[in-house]
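Visitor: Pasting a structure below so you can have a look.
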Amino acid sequence: MDEHRHDPAGVRGGLDPRAELSEFLRTRRARLKPRDVGLPDLGRHRRVPGLRREELAQLAGVSVAYYTRLEQGNGRNVSAEVLDAIARALRLSDAEHTHLTHLARPGRRRKSPEPRSRQTRPALRQLLEAMETVPAYVVGRRSEILAWNRMATAVFGDWGALPPQERNWARMVFLDPAQRELFVEWEQKACDMVAYLRMDAGRHPDDPALSALVGELSVKSEEFRTLWARHDVKEKSHGVKRLRHPLVGELTLLWESLRPAGEAEQSLVTYCAEAGSPSAEALRLLGSWNADAPADGPRTPAA
C-alpha cells in the first residue's frame, strides 16, 4: 500500500502552517449559510457550499483580494484587528479564534521546543496518589498520558503494562478496539481527541513527534482521516463521560481538565460521580477491588 496516498494533510513532511490556515478558513466559511449571517440565500443558484469569499470579506470589512490572499495561506503581516474581524464574521469559537491566530501569525512565535520532560512534578504525583477515590491522570502534549493514580487504572485499565509510546489517548481511541466498548459515545470521544490534536498542531506546527503521530493515525484509521480533514478544534475543559465498564457496568462521570501552574504542556484530568448515585457506588467498589493496583506512572523518563 502506498501510505502517502492516505496522508491528505501532508503530515509526513511536517505540518505546513500556510496549508493549515488555508484549509481552516475554507472549512469554516463552508459551514456558514447566508441566512446564518443575514444575507439573502440564492438557493440552487449558489455554486459553492456556505459563504462566498466576497460575502465573507464584506462581513469582515476587508477587500476580497485581501481575504483571498489570507485564505490562500498568506497570513504575513495580518493584524490582530483583521483576524478579530474575520473571526467574528466566521462566528468562530474562542478556541477557533486562538487557532486562527496561531496559524496566521506563526512568525510571531518562537520555534516550540521539545517539552523539557514527559514526566510530571513530584508534587503532582503526590496529589494523584492522595486522590484515593477519584480517577485522575496527567496528560501532556500530543495526548500523551504521563502519570495516573490507582483509580484511573481501575476505570481505564493498566496503562503501566503498555509500552511508553502506546500510552497515548489518540492512539488508544483510534487503534484499540477495547476503547469502542469502554466509551458509550465513542464517536464524540474520537471527535474530541482530533480537535485537541488540531489545537496542538496549531501551537506546534514544527513538532516532528506530533506530525509522526498524525501521520500514523492517518494511515491506520479512516475515521481519523475523515475527522482530521474537518479542521475542528477544541480546548480541554469539562464535561460528562459515560463509560461501559466490564466489571461494574455503565458509569456516568463528571470530568474536569485543570492546567497546573507552570505546566503549559500538561493538564490534570479528574473524574467524579454525583454523590449517592449508582456510579458513585460503582467507583467505590472499583476502588476497593483495586486497592493493590500499581501506583502512578513510571518515574523514569519515557522513551
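The values are calculated or read from the model by the stated rules, or taken from the named source; none is laboratory data. Just so you know, these numbers come straight off a predicted model, no measurement behind them. As a convention, Cβ positions derive from the backbone with ideal geometry for all residues, glycine included, and neighbour counts pool all protein chains shown. Please note that ligands, DNA and RNA were not included when accessible areas were found on the heavy atoms of the full protein model with its side chains. Shrake-Rupley method; radii C 1.70, N 1.55, O 1.52, S 1.80 Å.
Visitor: Would you point out which residue out of R69, R91, R76 is farther than 21 Å from W228 by Cβ, in a helix (DSSP H, G or I) and basic (K, R)?
Guide: Every option except R69 fails the conditions.
Visitor: Any residue at all in the range 218-227 that's surrounded by fewer than 19 Cβ atoms within 10 Å (Cβ to Cβ), modelled with pLDDT of 95 or more, under 30 Å from A154 (Cα atoms) and not β-branched (V, I, T)?
Guide: Yes, that holds for at least one residue.
Visitor: Just the residues that are surrounded by 15 or more Cβ atoms within 10 Å (Cβ to Cβ) and assigned to a helix (DSSP H, G or I), please, taken from the range 198-208.
Guide: R198, M199, D200, A201, G202, R203
Visitor: Would it be correct to say that V214 is in contact (Cβ under 8 Å) with a residue 12 or more places away in the chain and not in a helix (DSSP H, G or I)?
Guide: Numbers: in contact (Cβ under 8 Å) with a residue 12 or more places away in the chain: yes; not in a helix (DSSP H, G or I): no.
For V214, the condition - in contact (Cβ under 8 Å) with a residue 12 or more places away in the chain and not in a helix (DSSP H, G or I) - is not met.
Visitor: Further, regarding this structure: Taking the options D176, D192, D200, name whichever one is under 13 Å from the mean Cα position of the chain (by Cα) and within 22 Å of R242 (Cβ to Cβ).
Guide: Testing whether each residue is under 13 Å from the mean Cα position of the chain (by Cα) and within 22 Å of R242 (Cβ to Cβ) leaves just D192.
Visitor: Against the condition at pLDDT 95 or above, open to solvent by 60 Å² or more (accessible area, probe 1.4 Å) and among the hydrophobic types (A, V, I, L, M, F, W, C), how does V240 come out, does it pass?
Guide: Yes.
Visitor: Let me confirm something: among E181, E96, which residue is at pLDDT 90 or above, in a helix (DSSP H, G or I) and surrounded by 14 or more Cβ atoms within 10 Å (Cβ to Cβ)?
Guide: E96
Visitor: So, one more: Please name all residue pairs, on different chains or six or more residues apart, with Cβ atoms under 7 Å, provided the first residue is in the range 217-244 and is free of Cβ contacts under 8 Å to residues at least 24 places away in the same chain and the second residue is of a type in the set (S, T, N, Q) and surrounded by fewer than 18 Cβ atoms within 10 Å (Cβ to Cβ).
Guide: S237/S257; H238/S257; V240/T252
Visitor: So, one more: List every residue pair whose Cβ atoms lie under 9 Å apart, where the two residues are 6 or more positions apart in sequence or sit on different chains, the first residue falls within the range 1-29 and is over 22 Å from H97 (Cβ atoms) and at pLDDT 50 or above, and the second residue, located anywhere, is open to solvent by less than 30 Å² (accessible area, probe 1.4 Å) and not aliphatic (A, V, I, L, M).
Guide: So the pair list comes out as G14/P205; G14/D207; G14/S211.
Visitor: Would you confirm whether any residue within the range 239-246 is within 27 Å of L127 (Cβ to Cβ) and of a type in the set (G, A, S)?
Guide: Step one: list which residues in the range 239-246 are within 27 Å of L127 (Cβ to Cβ), which gives 239-243, 245.
Next, only the ones that are of a type in the set (G, A, S) stay: 239.
Yes, some residue in the range 239-246 is within 27 Å of L127 (Cβ to Cβ) and of a type in the set (G, A, S).
Visitor: Another one. Would you check if there is a residue in the range 145-153 being aliphatic (A, V, I, L, M) and outside any strand (DSSP E or B)?
Guide: Checking the range 145-153: at least one residue is aliphatic (A, V, I, L, M) and outside any strand (DSSP E or B).
Visitor: Taking only pairs six or more apart or across chains, which ones have beta-carbon atoms under 7 Å, a first residue in the range 48-66 that is free of Cβ contacts under 8 Å to residues at least 24 places away in the same chain and part of a helix (DSSP H, G or I), and a second residue that is polar (S, T, N, Q) and exposed (fewer than 14 other Cβ atoms within 10 Å of the Cβ)?
Guide: Note: pairs meeting the criteria are A57/S63.
Visitor: May I ask you to verify whether G75 is surrounded by 19 or more Cβ atoms within 10 Å (Cβ to Cβ), touching a helix residue (DSSP H, G or I) at 6+ places or on another chain (Cβ under 8 Å), farther than 30 Å from A152 by Cα and modelled with pLDDT under 85?
Guide: Spelling it out, G75 is indeed surrounded by 19 or more Cβ atoms within 10 Å (Cβ to Cβ), touching a helix residue (DSSP H, G or I) at 6+ places or on another chain (Cβ under 8 Å), farther than 30 Å from A152 by Cα and modelled with pLDDT under 85.
Visitor: Test E265 against the criterion of being part of a strand (DSSP E or B), of a type outside the set (A, V, I, L, M, F, W, C) and in contact (Cβ under 8 Å) with a residue 12 or more places away in the chain, and give yes or no.
Guide: no
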